[in-house]
1. Which of the GluC sites (Glu not before Pro) found in region 286-390 are loop residues per DSSP with 15 or fewer other Cβ atoms within 10 Å of their Cβ?
2. Can you find, among L183, A366, C566, the residue sitting farthest towards the positive end of the charge dipole of the chain, where Lys and Arg contribute +1 and Asp and Glu -1 at Cβ?
3. I'd like the carbon and sulfur percentage of the solvent accessible area for region 53-145, probe radius 1.4 Å, heavy atoms only, ligands and nucleic acids excluded.
4. Can you give me the Cα centroid spacing of region 436-470 and region 323-342 in angstrom?
5. May I ask for the distance between the Cα centers of region 352-421 and region 104-145, given as a whole number of Å?
6. Rank by packing, highest mean first: peptides 309-315, 65-71, with packing defined as the count of other Cβ atoms within 10 Å averaged across residues.
7. List the trypsin sites (Lys or Arg not before Pro) in region 499-552 that DSSP assigns to loop (not H, G, I, E or B) and whose Cβ has at most 16 other Cβ atoms within 10 Å. Which are they?
8. Under a Cβ-only charge scheme (Lys and Arg +1, Asp and Glu -1), can you give me the dipole magnitude of the chain about the Cα centre, in debye to the nearest 20?
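The values are calculated or read from the model by the stated rules, or taken from the named source; none is laboratory data. From a predicted model like this one, the values you see are computed outputs, not experimental measurements. Note that we place each Cβ from the backbone using ideal geometry, even for glycine, and neighbour counts take in every protein chain shown. Side chains are part of the model used for accessible areas, which takes the heavy atoms of the whole protein and leaves out ligands, DNA and RNA. Shrake-Rupley method; radii C 1.70, N 1.55, O 1.52, S 1.80 Å.
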Amino acid sequence: MTERDGDLEQLAINVIRGLAMDAPQRANAGHPGTAMALAPLAHVLWTRIMRYDASDPQWPDRDRFVLSCGHACILLYSMLYLTGYGQELDPPFGIDDLEHFRKLHSRTPGHPEVHDLPGIEVTTGPLGQGVANGVGLGLAERILRARFGADLTDHHTFVVCSDGDLMEGISHEAASMAGHLQLGRLIYVYDDNHITIDGPTEITLTDDAARRFEAYGWHVETLGQVANDTDALEAGLRRAMAEEERPSLLVLRSHIGFPAPHMTDNPKAHGSPLGADEVRATKEILGLPPDQEFYVPAEVLDLYREAGRRSVPARRAWQERFEAWTGDRAAWEAAWANTGEPGWQDDLPVWKAGESVATRNSVKSALNAFLPKVPGIVSGGADLTGNTGTKLDDEPVQSYEHPEGRAIAFGVREHGMGGVMNGLTLHGGVLPIGGTFFTFSDYMRGSVRLAALSQSKVIYFWTHDSIGLGEDGPTHQPIEQLAAIRAIPGLRVIRPADANESAHALRVAIERDGPTALILSRQELPVLEGTAEMGAQLERGAYVLVEGGDDPDVVLIGTGSEVSVCVAAAHLLEERDVVARVISMPSWELFDEQDDDYQDTVLGPGAPVLAVEAATSFGWARFADDSVSIDHFGASGPGAEVLEAFGFTPENVAARAALLVDSIGGYDDDYDDNDEEDAP
């Protein structure tokens, strides 16, 4: 490198630091310190290391970059602008977007969101999530390389993480999994700056991250005080890239806020603008115009725009290989479209009325039926693969020895599983399915929320869905979880009534974008009359299973295992000349998508409505006048006995329906006083 090149490179790094100060200062909010400290690392990654084409940000074989410490997002936004991402947008992504950092409706919000700008691979901010996402990205690369060949898939994933990321439990789960799987194309840089918002990390942290990751099976290298040495940074990254059998952690000792005269190594630099005087003083140290905001001289922009184009030959060579490729193109296209090959829905299994099948088992049958023609599917459970319907028949478990394996053993790592799933699907080419007991969805809620925010196409099999799971008792019996996950915007929740509905539920999850949660039973459920023909109506969220005439006396709405209870209750009511309509409502979200005419047709002409669901009553007031529900924790005992004890029986539902009709008017019930007193 010539002296002139070195001077230009240093100026470019200092320009990044200037942007890192100016944007939070203009916004009066943000996190400048980490971005300032890591400017040399970003420069090395974008100009020397990563293979990408800013003009084709969706190139499948690009390297992936994750800023797990998403609070430092001004660093990512600055690099995307400088290297030329988003020039195809209208208007093109420009310096004015940095000037509008953190402003309402800007393309540069306070933490990176995957769909806001090209070049943002995952949504980060909640600490630890990006660590897990990176594992998913790296795992997706290995699966696709094994399946379609290194000519089409041969890249690395780079992740920058912080002290806070490594404190969060999800990072431990994901790092353990990555080490076990020997994911060799993962390179993590740990920004060991010794600072958190509360102060020096020493007040909360004394563990040795390097030794911990070595115990996980990672290649670990302590780079030391080289945060401003671009050649040393490049050398460390290249050594990590040479690792094929282990993920790598590079421990980089940086100084937050460097080189601010009063804010270097100061906790205030983590989460607050530096202040006008400190910005001016720091710019003088850096040789930048002290009173000029968002300074990017032409020669620096030219340098980075050239870096954004330097992999164009590699991308064109990849395109030529792809066009000449004679492999399974239909599988490739279906995988990258996150759907199935033509005719995949024809393999939908059907069950006859009268059979008894737990929906966790019927969905497994559907999964394995779809598997050959939905090539992106990978599936596994959080140590519960056989219990949750996520087990793939005759598929090897993913490992270093079997990189083609589509069965994933996530281990007892629910939160890590959720974060890895987001990375798998956002990489492209992979459709992940992950399962655990429904009550443990709480452990992975942070990742589920980000899946909804990102509209990641992931599918959750959450089983053992009610007090009907029985003897494990209240600790394992979900009560409030249905209401809680229905409250997450953008998450599609489906609780099928029987085997036929469960098969259609999986079909809908594969057909549609965004995340879908299937809520499935442990206990066997009867296959209901009519679902073989009407089960396809599940995609509309609710449908009439038992008509009850044009003018029913009462409407019974059930979900999941309670639909069969409603059907039996309708027969009891019929014996007493009470006409009941039965609605299966597996998905509030899908029903909300329907027009008013369809909703009115299903719900009927105004008869009283009783909802029946073995979960909290919260939310049912929008559809029903009353509900048979459970607003307290369950009990340990055989599942059928627990359900009976808490009123989920045809007799009790019929009694409650009759009381509802009587209370609203129009029916003089013939139940005796004991029936009324016994109705929970």
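1. When the GluC sites (Glu not before Pro) of region 286-390 are filtered for loop state and at most 15 Cβ neighbours within 10 Å, E355 remain.
2. L183
3. 52
4. 29
5. 24
6. Taking the mean over residues of other Cβ atoms within 10 Å, the ranking is 65-71, 309-315.
7. Listed in order of number, the matching sites are R512.
8. 3360
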